[in-house]
Structures are given as C-alpha cells and as structure tokens.
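For reference, the structure is listed below as structure tokens.
The values are calculated or read from the model by the stated rules, or taken from the named source; none is laboratory data. Model, not experiment: these values are computed from the prediction. Don't worry about glycine lacking a Cβ; one is built from the backbone with ideal geometry, like all the others, and counts go over all protein chains shown. Heavy atoms of the whole protein, side chains included, go into the accessibility calculation; ligands, DNA and RNA do not. Shrake-Rupley method; radii C 1.70, N 1.55, O 1.52, S 1.80 Å.
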Amino acid sequence: MADHKIMPPATLGFIGLGKMGLPMAVRLIEAGYAVRGYDPAQQALDNLVGAGGTACTSAAATAAGAAAVITMLPDGDTVRRVVLDDTDPVGTAMTRGAVLIEMSSSAPLSTRALGERLAGAGIDVVDAPVSGGVKKAVAGTLSIMAGGEPAVIERITGVLDAMGGSMFRTGALGSAHAMKALNNYVSAAGLIAACEAVQIGAAFGLDPELMTDIFNVSTGRNNSTENKLKPFIITEAYNSGFGLALMTKDIGIAVDLAKELARPAPFSQDVVAFARRALEQLGPAADHTEVDRYLKNLAAKAVGEPRASAQTLKS
Ligand code: NAD
C-alpha cells in the first residue's frame, strides 16, 4: 500500500487556503481528489466548499484518513507549529504511511528537522515549494521543486502534476526549500534593480514603457521586466498577489543558508536589508511590487536636498 501512487479519488488534507493555497486546492478538486481543507479565515473555507471541497474545523481534522497532507502556510515556523507543536498537532493525526507535502516556502534546515521528527511516526515528508505566483496556481501550471526520497516523490507525482506544469527533483529533503529561497533572492534582486533603473530613466526623460520593451529584448531582461513592470509597477496597481513580507522572508532564508554554510554573501545581505527597510516603511500588508513605491518615497524625500554633483560644481 505504502508504495502505491496517490491518485484520484484519494483523500487529501490541505492546510493554508490563502492566495496560493486556495487555487492549488481547487486544481486538486478538479483533478478528482477529495480535498479537506483548513484555514482560520472563514471566507477561504467557504470558497473551498464552493469549489467542491470539504471544510474542516481544525488543521488536524484534515489529516485523519488522508493519504497526504499539503501545507501551504506563510513560513516554516507556522508549519512546525501546526504539524508538531499545537495542542492537536497534524503530525499526530496523520495515518502511518501518509505523506506530508510541505509546499510553503520554508527554511531548508527546519524542514530536515521536521522530516526527522515525523520519520519516527512512519510519516514521509517531501518539500515541494512552488514558483509562478497566483496566476500559475490558478492555471495549474506552477513550477514545482521537490526534495525527498525518490520513491516518496514518485508516490505523489499525481498530486503534484495536478497543480504544476513542471516538476524538478532537487535531491534530499530540504533541497527544494533551499532552491526556492535562492530563486526568490535572485528574483527579488532583479525586481529591485528593475524598479530603480526605471525610476532613474524616467527622471532622465526616458519613457518607462519603452524602457521595459528594450529591457525585454536586451540583456537586462528578467522576470520582473517581463511580467511585473507593465501590469503592476508602471501602472502603480501593486497587486501582484505576492506579499513583500513573504519576499523578505525568502531572501532572509537564503542569507541564513549562506551563514549556516559559512559562505560570504554580501550582495544578498544588502538585498535583504533593503527589503526589510521597505517592509518596515510600507507595512505587513504591502505587495512585493511596492518596493517601487518605497523607492519613490526615498526619491521624494531627497527632493530639495542639494545633489552631490551640484555641490561639487559650486565648490
Ligand atoms: P497567504 O498569506 O495568502 O496565505 C497563507 C494562508 O495561511 C492564509 O490564508 C492564512 O489564514 C493561513 N494560515 C496562517 N496560519 C495558519 C494556521 N496556523 N493554520 C492554517 N492556516 C493558517 O500567503 P500565500 O501568498 O498563499 O503564500 C503561502 C506560501 O506560499 C508562503 O510560504 C509563500 O512564501 C509561498 N509562495 C507564495 C507565492 C505568491 O505569489 N503569493 C508564490 C510562491 C510561493
């Protein structure tokens, strides 16, 4: 039984029905799985039921009899609380032989520790974070990274395929979470660079839309120039669906990983320091594309202050 693939109509638990979790759960329902979900937000539960899922009154209640439980929570600390530390922990409610699929963007070493704790209870863990944002979660075309025992990943390929357009096996448990944090560090650096460059260019008289078109056929092209500048940043809509707090957490995981491995990582430290300052000013509800607004605020503050070049000319 333990070697069998988990295919529809198997029962799955889904914990964390936020911007990403809800559309991912809906994809699983559409694929034919029986999905039992939990989130403290009543609206999320109502939306799950509207899509054909079952709402549970606790995280542990999703786990009883489920072949796999998926976590899509803000961070690894929340996952650990829900799975191990709560008064009614999910880890205790899960059936022996079931799989915990940890799809949040979490810290790799905590994920390894979680796997070690659950192994004693006969529960396998796979870290399977995703990339592609809300749009790809809705379309079921997320890019999924998977770390863990190959045989366990094989058992859950049907589940992952229902949510993803591509799946990469990254190695041992925790390796996918490391990959995800490093990806998001690179993505954040590209976002901040793109916003800063567009603002400098606009101040010089360049057209932001034209700049974006030129980046996108030139060597400055990145995911933010292609998918974020026009819809979310130049329009100042700032509603991409990925929170600045989550982006900052992800860069922090990459920086911590470098520290744990005793690797110098000066640029990622600068990027996380920038993101933390922006988060402090913009507040916890800010979208990650609002780093653009933070840069504009900095520029507004600088207006009226004498520019270094002007001073140099006078002296
Ligand atoms: P979100 O804040 O929209 O959703 C998180 C959900 O978890 C919320 O609905 C919240 O009520 C719920 N939650 C919090 N504590 C809980 C608990 N103890 N038990 C049950 N539910 C609880 O966040 P999101 O954007 O959906 O992101 C979820 C994860 O996916 C994060 O780790 C994030 O870094 C990652 N991620 C997000 C995106 C994106 O574009 N939004 C893309 C890739 C990965």
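Could you please tell me which pairs satisfy a Cβ distance under 7 Å, a separation of 6+ or placement on different chains, a first residue in segment 75-93 that is farther than 20 Å from Leu109 by Cβ and charged (D, E, K, R), and a second residue that is more than 9 Å from the ligand (Cβ to nearest atom) and modelled with pLDDT of 95 or more?
From segment 75-93, the pairs are Asp88/Ala60.
So, Tyr185, is that one free of Cβ contacts under 8 Å to residues at least 60 places away in the same chain and surrounded by 14 or more Cβ atoms within 10 Å (Cβ to Cβ) or not?
Answer is no for this residue.
Test Leu73 against the stated conditions and say whether it is surrounded by 15 or more Cβ atoms within 10 Å (Cβ to Cβ), within 12 Å of the ligand (Cβ to nearest atom) and not in a helix (DSSP H, G or I).
Taking the combined requirement at face value, the residue satisfies it.
Which of the residues spanning segment 78-99 are more than 14 Å from the ligand (Cβ to nearest atom), more than 25 Å from the chain's Cα centre (by Cα) and part of a loop (DSSP other than H, G, I, E, B)?
Thr95, Arg96, Gly97, listed by residue number.
Please go through segment 26-45 and give me each residue that is touching a helix residue (DSSP H, G or I) at 6+ places or on another chain (Cβ under 8 Å) and either within 11 Å of the ligand (Cβ to nearest atom) or open to solvent by 40 Å² or more (accessible area, probe 1.4 Å) (or both), ordered by number.
Arg27, Glu30, Ala31, Arg36, Gly37, Tyr38, Asp39, Ala44
Mind checking whether some residue in segment 153-175 is open to solvent by less than 10 Å² (accessible area, probe 1.4 Å), under 18 Å from Ala258 (Cβ atoms) and within 16 Å of the ligand (Cβ to nearest atom)? Reasoning before the result, please.
Kept after step one, since they are open to solvent by less than 10 Å² (accessible area, probe 1.4 Å), are these residues of segment 153-175: 153, 156, 159-160, 163, 174.
Now drop any that are not under 18 Å from Ala258 (Cβ atoms), which leaves 174.
Subset that is within 16 Å of the ligand (Cβ to nearest atom): 174.
Within segment 153-175, one or more residues are open to solvent by less than 10 Å² (accessible area, probe 1.4 Å), under 18 Å from Ala258 (Cβ atoms) and within 16 Å of the ligand (Cβ to nearest atom).
Name the residues in segment 54-65 that are surrounded by fewer than 24 Cβ atoms within 10 Å (Cβ to Cβ) and either part of a loop (DSSP other than H, G, I, E, B) or hydroxyl-bearing (Ser, Thr, Tyr) (or both), would you?
Within segment 54-65, Thr54, Cys56, Thr57, Ser58, Ala64, Gly65 qualify.
Please identify the pairs in which a residue from segment 256-280 that is at negative phi has its Cβ atom under 8 Å from the Cβ atom of a residue that is open to solvent by 20 Å² or more (accessible area, probe 1.4 Å) and at pLDDT below 95, counting only partners at least 6 apart or on another chain.
From segment 256-280, no pairs qualify.
Tally the residues that are over 18 Å from Pro23 (Cα atoms) and in a helix (DSSP H, G or I), restricting the search to segment 159-181.
7
Inside segment 100-110, can you point out the residues that are near the ligand (Cβ under 9 Å from one of its atoms) and more than 14 Å from the chain's Cα centre (by Cα)?
Within segment 100-110, no residue meets the criteria.
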